[in-house]
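Only the coordinates and a few stated rules stand behind these numbers; no lab work does. Not measured: the values here are computed from a predicted model. Virtual Cβ from ideal backbone geometry, glycine too; neighbours counted across all protein chains shown.
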Amino acid sequence: MTASGTAGRGNELGCYGRLDRLGDVVVKSLNAAGWDGNPYPRLAPLPGGMLNSVGLQGPPVRVWLQEYLPGLVESGACVVASIWGRTPEEYHAAAEALRSAPSRVVAVEVNLSCPNLGSSNDTARARESVEASAVCGRPICAKLSPASQDLGGVAASARQGGAEAVVLVNTMPGMAIDVNSRRSVLSGPGGGVSGPLLRPVAVRAVYEVFSAVPGLPIVGVGGVSTGTDALELILAGASAVQVGTAIFDDPRAPWRVQNEIRRWCRSAGVSDLSELTGAAHQSG
Ligand code: RRO
């Protein structure tokens, strides 16, 4: 899958590969009213990763449905719409606007964890926000922050609210300062750290939630740029993997990662990837 926020809102990646050959295309988080996002600069490269404070920029769901989704549907992609809100009511409004989406929108990712919204994934709020999103009328997965002290509790709460899976993890809150200007490198004080730096954080989060909430499917995301990076998340407990920041460096990364996983499985004699989900737990 592509990770939300890294593959555009429509078929932007379609010129690099067949979108219908990916698991799903997850689009940048949307809400009912649309939002301008944060002032620039919003992105900064880091050694081993990236810092962003895009600030949820995006059109209203209604405009996305009219202007961006048709190209994605035409590509044959399975689409996952990501939604955000500041309150359960805002999640409800975004989800309601998606109710009429074509069946190609196969699921909704409820983003409970934007590092640039000041939203933390608090357990009660996770359940309420997911419950409020049920109106979209399709399967829901909840995207959680690695910054939570109780990721297992938040994941369990999202499941109680109706989430069929969790997506682990969003970016990690972070900050970088330019010593010459003595200011944050971004327009605001901080942002979200992604890329290879995030991978061990994601692997641990997936590993913990796989143990803490048995049977809850996990989509792993964070710093995946090769097939073996993806396999690490799968061995920790993920049933599917998203590729995100690597796309900025190589827009063909999602297909390349898929091919590298296939090649590795062939050489290791693995015929069904699901055999590997959580396998690191068996070996201690
Ligand atoms: O738009 C953003 O600033 C943003 C979002 Br919604 C998110 O979920 N994660 C992130 O790192 N940035």
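A few remarks follow.
- Computed helical MRE - 222 nm, the chain, DSSP H runs ≥ 4 contributing -39500 (n - 2.57), nearest 500: -9000 deg cm²/dmol
- Gained length - Val270 relative to Val179, 0.36 nm times residue gap less alpha-carbon distance: 27.8 nm
- Share antiparallel - DSSP beta bridges, the stretch 44-161, percent rounded to 5: 25 percent
- Point-to-point label distance, Ala212-Arg252, nm (Cα→Cβ direction, 7 Å offset): 3.9 nm
- Cα gyration tensor shape for the stretch 73-121, rounded if a/c is under 1.5, else prolate or oblate: oblate
- Cα gyration tensor category, rounded, prolate or oblate, for the chain with a/c compared to 1.5: rounded
- Inter-probe distance in nm under a simple model that places probes 7 Å from Cα toward Cβ, at Arg18 and Asp36: 4.3 nm
- Basic side chains Lys and Arg get +1 at the Cβ, acidic Asp and Glu get -1 at the Cβ, and with that the dipole of the stretch 1-127 about its Cα centre reaches some 100 debye.
- Residues Leu186, Leu117, Leu22, Leu168, ranked from the fewest to the most other C-beta atoms within 10 Å, line up as Leu117, Leu22, Leu186, Leu168.
- Taking amide H atoms as placed 1.01 Å from N in the peptide plane, the amide H of Leu112 lies under 5 Å from those of Lys143, each 5 or more residues away in sequence or on another chain.
- Total charge dipole magnitude, the chain, about the Cα centre, Cβ charges on Lys, Arg, Asp, Glu only, Debye to nearest 20: 320 debye
- Simple spin-label estimate for Arg204 and Asp150 in nanometres, 7 Å along Cα-Cβ: 2.0 nm
- Listed by Cβ neighbour count within 10 Å, with the fewest neighbours leading, His281, His92 appear as His281, His92.
- Residue-span extension gain [Val63 to Glu89] - 0.36 nm each, minus C-alpha spacing: 7.4 nm
- Three-way shape call for the stretch 153-284 based on the alpha-carbon gyration tensor, with the a/c threshold at 1.5: oblate
- Cut-off 13 Å (backbone N to label point 7 Å along Cα→Cβ of Arg263), residues of the stretch 220-240: 226-229
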